[in-house]
Structures are given as structure tokens and as C-alpha cells.
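The values are calculated or read from the model by the stated rules, or taken from the named source; none is laboratory data. These numbers were taken from a predicted model, which means no experiment stands behind them. A quick note on method: Cβ atoms are made from the backbone with ideal geometry, for glycine too, and the neighbour counts reach across all protein chains shown. Accessible surface areas use protein heavy atoms only, side chains included; no ligands, DNA or RNA. Shrake-Rupley method; radii C 1.70, N 1.55, O 1.52, S 1.80 Å.
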Amino acid sequence: MISQVHVYPPLGALTSVREPTIRFRVYFVLGSSSEINADDGPGEVEIWTNMHDSAGWKGIALKPSLANHSGNINSELIFVDNTQIPTDHYIKCFELSIPSTIPSNRHFEFTVRWRRDSLTEWHWISEFGKNAHIVVYSNIPDPYQLPLNYWRRQLRSHILKIKSTTSSDYTPLPAIADSWRTSNTSASCLFRPKGEKNQNEKIPFCHLEAMERYLAFARKDKFWIIPQSGCRMLDLGNFEIVILVTELNSGVYVAMMPFSDDSTGPSSASFATSPDNILSVCVASLFSSASHEFNICVAVSASHDLQVAVKEVFHRVHLSLATRGISSGATAIANQQPTLQLTSLTKTMGYCTWNAFYHQVNSEMLVSTLKKIYMAGRASNRPLPKWVLIDDGWQCVDTYNGHGKLLDIYANKTKFPGQLEGTSAELFEIGIQRVGVWHALWGYWGGIDPNGPLALRYELERYHRRASSAVKESGDIWLISPKCIAAFYDEFYKWLRSQRVSFVKVDYQAAFETLEYYTSGASDKNNGSNLSEMYLSYYDAMENAALKYFGPGSIIYCMSQTPQIITHALCRSDNSDPNFRMVLRNSDDYFPDVPESHGWHIHCNLTNAVWSRVLESYFVADWDMFVPGKQESKIHSISRVLSGGPIYITGNTTDYMAQDLTQVAGGHSRILQCIPLLIDNNCALTDMTQVPGLLLSSTVLTSKDTVIVFACNVSSSAVVAPIDISKLCSTARQRSEQQSAQNGLFEPRIRSSSSSSFGSISNDVLYAVHQQSTDRVLILPDLEPLYALALQPLACELLTVANMLTFKSLDRTAILYAACIGDTSRYAGANIVERSLSSMLLHSIKGSSACIGGRANAKGTQLWNVGVQISLPSRKVVFILCAREASYVSKELTLIVTNVRVSGFSICDSDWWFDCNTNTLTVMLPCQADSQEIELSTRITISLCI
């Protein structure tokens, strides 16, 4: 009868508890409700735990919860979607909540057992060794009451000297004396590892003590950074760690990042691990001699906030590089070509050829496919791709594989008989507004053909390339000399511009680390001799030519998650123009035909946002394309909407029509750019693809009154688990306020502002919550209870949580509660709300979701006006409205909507309706012609009374 059992906190994982209460839940999914009665299933449920004694285990009973599948508003299962747990099944929940000060052991384990009654045997849920582990942080101090030396003590207890042959004890490792920066909420400093600082040498750095968990951002095959997490013992084998975050047993997060401030050339600094938590620093120059010495530093920061710790360590690296005058190399071009009028890659939906055609792409099939997509999309009023990326397969090369060599800069004449200009012209005629192309940093995967036309125009150098995950076999390779690379890129991008190409995706950027000097055979003047100069020259040439011919923000960086790229960004000035932001791939590739890769792709991107989100001033995170209409497409499309980066699809017309992309992009194919998602700390420090739990994240929308909670299941089994909406919302708002308060470095480019209003504001609070999968809207008096979700593998849920603004009437007898949750038919549709009328008039900034003024009319009936302004084309706008007596808040008053006005448009009564059962007012907006490229800014004013 019991088909599934779900335990929270999840079994087989370590969960840290920083809240005043430790909450346990066990959900039993029973069979068809027609076959069971109230006495079926478990009658007694216990957690079996050592929370009170490390050596002594005992059972603690859980109580049956009132939660069921009835949809009662007091039930914690109100958000369980019937498509995830069918209605003919029954969920029985058992719960236990204890103060976090109760356990005698701050680090304890538990498992779960159940039985039907006292006469039957116990059944154990987990296998041996699969217990849940809990770490309790019950006494985290107020940061504003900490002693001045608190943070120093935390770091001194964590980063210790490695034992010498003459010492039997670990002692604190001293930081550079004048490098400390301390505030109420964090502290940071620099360390200078001692030892031989030569090429490829491991420099012993420290022993890590008092560590509960770690999150290591490690290099995968030189090209990517992936998250690796674990508990207590940090031993990741041959992984090179770029950024390390540890959670101490005091509850403090420590972030560490090694870097080289060497000005002689680009170098890569990383951590290496070994047993007993010994940390070493490795350095590899790009690409000086082995005897060259490097200036190596380790930036370290500490905070009770994981994101603050990571932000501060990046800030220290930035300050150190700026102090030593190391620049990014990117320069402005005085004689820059006139900037093209371009569609932003992050504001409209795009299309990529790769997973649709791979290397077989040609002009005919590309134009034909886009024509069919446009015909189908226009017929069904669906959003259409506005830009196209022609991926690998268009160039003039000898063969399309990892050993293929570039013959010339032009397109393959067989595949593109009219060259790119002909293809671009046909695409523009269809409705495409921007065309870009792919190429590798040094031309093509296998470099330049030494016998081809390019070899006649440019001097080449020969190197040896080692095998890698991208190219499995080693071999010799010819590249354009650094003396000529600026001329090559100028010719290349000038030609692309003449072909009406306006952006590029530059791939294989970390490949310089696979090169070594050519030493086989006789000496040759064409053998390369300065890889460091090669690396710097290539980047300068590429970026300057792109700026000259395409304008700012015209490069997608791919296979480029390297320490060099990160420090390249950190070398930029504090006042980086947002238009110059790079588009940087945030994770490894998207593999539509590898089912097991999808959950990891989502987990990897969300976790990588821990560091990429900090650099939002410098680049936009790109989660790669996705194929619409597949089983996993919903989780990919929602996550990309919330990523803050570009959204682009691939595939054929059937794929395009198989999914309603109006949820992704609205009128004019505009996407709603969000502040990137912030992953829950417990999820960041756990590989959620291996744990039966929910991967949770959240973000604040343009109005601070609204938070999006994104929950997904990236594991291989179904999950029923609770979510702490209150915690996720408060964390998202707090992080947004921290970033909004910053000036210069890492300042977010999507501004948030607090609501502004007139009228008397009540202290009573209600929350409007919209569930995307069911389109259900609930008004909740409290977010503190746990609310459960049930999700199948690769399923996800969006909850839009709005803090309802409250206003008392002038005679103080009635309270109006109101929130605008935007277009509920779109993912993150609340982001269409630009500003309230009062915010616009008083401050002229984006801000609150609604503005309400109250007054009493002559008859004593209360009358309010509700105003909101939206900034993007949309089909509808939804308001949540209710009124209650001021003296008896639980008593709801009947609300009547008398009039709705939309500025600039004439709407009739049939264009809006108020559902008093759900308290929702829906306003349908006039459709805008797809050809209109206007910035819609519409005011909606509502009159209502009781």
C-alpha cells in the first residue's frame, strides 16, 4: 500500500540548521484512495537518533500532521500538484519540531522507522550507512555585536600551518600583516605561500581545521568549472580548485581563491588537495619557462553569509590586481566603426543551429527551417527568435572535426553559395534582426592549414597540442603568429561585418593550456617560442576587433571558464559600462540526447552562480541553448528565464511547436531579464543530483515586494519535500539589498528599489502566492510554516511570492490588501511590473508592484484607486485584492471593482474580470503587432469599493 516514503531533512546528506527550530517531516505516499481507509499505512513513526548522546540511540515519535491532499489552506500540502502525485493517491504526513538548543550533540544522525501499531514490527526506511546528518548552529552571534577580533580568530582556527618535522602541533598561519579588511559582517586578508614558486610546482599552503563541509569549484579538463562538494575530508584527487568555500563548525563560511599577480604574462593558480586536509597551491604559467618564479597570493574571506564571503574574496583579488597595475588588456578603439542598431542577446529570444544541424548546417536548411518556424509561430501568435547563431559547420576548413584546419576566413562555398551575406539577407527578410557566427579562438579546432590561403597572407608558428576532452588525440598544430594576429582579426571581423554579421561565439578559449613548444625534429624558424605573448595577443586582437566592428557586448565566451578569464574580468575598472559585459558560458555544454545530463546541467549552473553572480557587473551568465518540446524542456526554459542571461532555442519546427514559448518570451519575443537565481546554501554544499531532495533557489524581481522561488528535482527519483518559503524570500531580499547598497564593484545592473506609496499603511501583513503549474493563487497570513512540493525527476515549480501592500481607509475602519503579480501566463511574469504611479511621479525609478490610495466617499463607503505601470508587452496583468475590517482583520469584506483604465488603450468591460472566490482581478491588454519594436510603458488604474 505504501508506494513511496520521503524524509526531510533528506537521508544520505548533511544538512546544516541555522534556524531556531529543527523540523522533521516524513511523507508516506499510499496507493489508490479507493482501496484504503483511514487506518491504512503507518500508525507510528519515529526518528531513530543520537542527538542526545553520541553513543546512545533512541526513538523520538513524530505526530501525524493535519496535512493531506484535500487542499485545505491550513495544510502544508496545498502546493502539491496532481500531475506529480495523482489524486487517487493519498499522502500521510508525520512531523516533529524541536528547538535547535535541545540536541546535546550539535552534530548528530538520524534515520526513520515506522509500524502500523504497537503489535507489529518496525520497518526501517534507510539502508545501513544512509542516515541523515545534521549540524546545528544555534548560537550564531549578531554580526553587529561581535568583538573586533572575531573574524581573525575564526580564520586563525581554520587556516593552520602544516606540521614540520620539528613540530607536532598545528599553529595558525600568519596573513600578510597589512592586508586585513574587517567589517561587521565579514573580514578578508591575503596570504603569501612560502616555497619554490616555479612552473607546475605544488607549494604547500595550509592545513584546514574545524571544517564541516566544503564547496570546491574545480576545473574540468581545463575548459569548464564544476562544483564538487563534500564533508570534512577534502581530497579531490587531481582536480584543480579555482575557488574553495568551507563551512566551519562555528557556522562561519570561509572563501579562498589563489591567484598570481605576476605581470610578465598570464598564469593559472589553483589549489590541490591531499589527505588530512592539506591544501597546496599550484601555478602554471601561460607559458614561461620552468625556472620562472611567480608572485602567488591567496585571498581569504570569512562571513556568516556564503555569498558575502565569495563576493569579498573576489573583491580582494580585484583590489590586489588593480593595485599592481595589471590590466585586462582590452582597449577601446578610437576609430571604432559606427555602432550598429542591434537587438540585445539578453532581451530577445534567439536560435542556435548546433543541436539542429551540427556540422551539416548549410544556408538552405537554415533559412528553410527558420521560415517554417516563423510561419508556424505567426499563425499561432507565438514568440519568434530574433537573432540567430550559426554554430560550427559554416567555415572553410579541410574537415569538420577536432583536427580540422582553417583554410580561409570565408564561408564554405558549397554550403553557403551566397556567403554569409546571402544567408543573412534571407534571414533578415524573414524577420531575424541579428546574425552571429561561431569560431574557435585560433580560427578552428585544429588551427590553420599551413598549405592554405591564410598561410600565404600570415606568418604561422608550429606548436604541439596535448590530448584533451575536446580533442582526444595529440598532434602538431599551426597557429597565426602573435605578430600577425591583430591584422588577421581585423580582416576577419571586417569581412564578417560586411556579411551583416554582428556578434561572434568564440569557442575553445582555454585551449592554449593544451599547447607546448614544438621540439621534434630539426630546429625551424617557424617553431613557436612565446606562448605567453601568443595568449595575450590573441585576446587583445579578438576583443578590439569585435569592439571595432560589432560594438560592445558582442562576444559569447565559450570553453573559457579558466582562472585567467576570471582575473581578466577582475582587472576591469570599477565603473564597467554594462554594455561592455561579456556573455560567458556558465557551465559545460547542454546535451539533449543524454538523459542523465539534464539534472547535472541545472545543478551545475545554479551552483556556479555562487561565483558568476558576483561578477554580474562584468559578464552575463549563459546557460546554453535548449530544445523546446521535450520532457525536460520545462525545467530548462524556466531556469534560463531566471538565469539573467540569454535565452536561445535549437531544433526544428516540430520541436518549436511542441512547447508554448509564450511562457518564455512575450510580445516582440522580449524576455524578462531577472537578477540571477540565488541557490539555497544547503543545496549549494550538496550534490543534489545524488540526494532525494529539492534543489531550491530564489531571486528578487524588479520590485522588492516580489520574490520568485524556483524548486526543482534534479535527482533520479520522485521527491516530496517541504520548502521554507519565508527563509528563501528573506535571503533573496537580503542579498538584493546588499548588492543594491554597493557602489562600483559587483553592482547589479538590474536595479531594485523599495516601494513608495501614499495613504496609511497597516502593520497587518498578507502574502499572495501564485503557483505556476496550477495557476492557483493563495492569500496566506504567514509564510513561516513549511509548505511541501511533490516533484517527479526533472520536474520543477515556480512560486511567485508577493508581499501585499496594506492601506487603511481614512476613517480607519477598513484595510485594503493589494499586490500585482504581473502576467501569470509567463515564467517570472511579475517582472513586467515596472513601477507604481506614485513611484514614477515621486522618484522616477523602477520599484513597487502597486500603489494604493484610500479615501472615504460622502456615503461612508470606502473607495480606493490602484495603479501600476508595466514596461514590457504582455497579454494580461493579474492583481490580488481583498479588503478586511480594521478592528477584526480575519473578517473579509466584499470588494467590488467598478472601473479599469489602461493608458493609451480603450478597453471594454469584457477585457477585465474580478473573481471574488480567488480575489484575483485579471486585465487583458490589447495585442501589439509583432512588427512594433516599442518599449511599452502602460499605466493600469483600477477603482474599487466595499
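What is the calculated FRET efficiency for Asp142 to Asn381, with r their C-beta to C-beta distance and R₀ = 60 Å, to the nearest 0.05?
Details: r = 54 Å, r/R0 = 0.91.
So the FRET efficiency works out to roughly 0.65.
Which order do the peptides 787-800, 652-665 come out in when sorted by mean C-beta neighbours inside 10 angstrom, highest first?
Per-residue mean Cβ counts within 10 Å order the peptides as 787-800, 652-665.
Got a sec? What order do Thr353, Thr414, Thr689 fall in by accessible area at 1.4 Å, biggest, i.e. largest, first? Intermediate values should be presented prior to the final figure.
Numbers: Thr353 0, Thr414 125, Thr689 25 Å².
My answer, sorted largest first, is Thr414, Thr689, Thr353.
Straight-line reach only, C-alpha to C-alpha below 21 angstrom: list the lysines that Lys371 could link to, leaving out same-chain residues fewer than 8 apart.
Lys386, Lys415
What does the charge count around Thr514 come to, taking other residues whose C-beta lies under 12 Å from its C-beta (Lys +1, Arg +1, Asp -1, Glu -1)?
With Lys, Arg at +1 and Asp, Glu at -1, the neighbours total 0.
Using the Cβ atoms and a cut-off under 10 Å, what net charge is assigned to the surroundings of Pro174, where Lys and Arg are +1 and Asp and Glu are -1?
With Lys, Arg at +1 and Asp, Glu at -1, the neighbours total +3.
For region 766-780, in order, what is each residue's ³J(HN,Hα) by Karplus, 6.51 cos²θ - 1.76 cosθ + 1.60 with θ = phi - 60°, in whole Hz (x at glycine and Pro)?
Going residue by residue, I get 10, 10, 9, 10, 10, 9, 5, 5, 9, 6, 8, 10, 10, 9, 10 Hz, with x marking Gly and Pro.
If amide hydrogens are placed 1.01 Å from N in the peptide plane, which non-local residues have theirs closer than 5 Å to the one on Asp408?
Answer set, sorted by chain and number: Cys396.
Given q = 0.14, 0.18 Å⁻¹, what are the Debye log10 I(q)/I(0) values for region 100-222, with equal point scatterers placed on the Cα positions and solvent ignored?
-0.93, -1.20
Under 8 Å for C-alpha pairs, at least 6 residues apart: give me the relative contact order for region 76-198, rounded to a whole percent.
With pairs under 8 Å counted, the relative contact order is 15 percent.
For Lys222, Lys371, Lys494, Lys194, what's the largest-to-smallest order of accessible area, 1.4 Å probe?
The ranking, largest first, comes out as Lys194, Lys494, Lys371, Lys222.
If amide H atoms are built 1.01 Å from N in the plane of the peptide, which residues on other chains or at least 5 residues away come under 5 Å of the amide H of Ile243?
So Ile243 has HN proximity to Phe217.
With θ set to phi - 60° and the Karplus curve 6.51 cos²θ - 1.76 cosθ + 1.60, what are the ³J(HN,Hα) couplings of region 146-161 in order, to the nearest whole Hz, using x for Gly and Pro?
7, x, 4, 9, 4, 5, 4, 5, 4, 6, 5, 7, 9, 9, 10, 5
Could you rank the peptides 907-918, 239-250, 20-31, 611-622 by their average count of other C-beta atoms within 10 Å per residue, with the highest value first?
The densest-packed peptide leads the list: 611-622, 239-250, 20-31, 907-918.
I'd like the Karplus ³J(HN,Hα) series for region 726-734: coefficients 6.51, -1.76, 1.60, θ = phi - 60°, whole numbers in Hz, and an x wherever there's a Gly or Pro.
Here the 3J(HN,Hα) series is 4, 5, 5, 5, 5, 5, 4, 5, 4 Hz.
Quick one: net charge of Ile85's neighbours, Cβ under 13 Å, K/R +1, D/E -1?
Counting the neighbours of Ile85, the net charge comes to -2.
Using a 10 Å cut-off on Cβ atoms, rank the peptides 431-438, 296-303 from the highest mean neighbour count down.
Final packing ranking: 296-303, 431-438.
For region 426-512, what is the convex hull volume of the alpha-carbon atoms per residue, in Å³? Don't skip to the answer; put the middle values down first.
On the way: hull volume 10.6 nm³, N = 87.
Expressed per residue, the convex hull around the Cα atoms of region 426-512 is 122 Å³.
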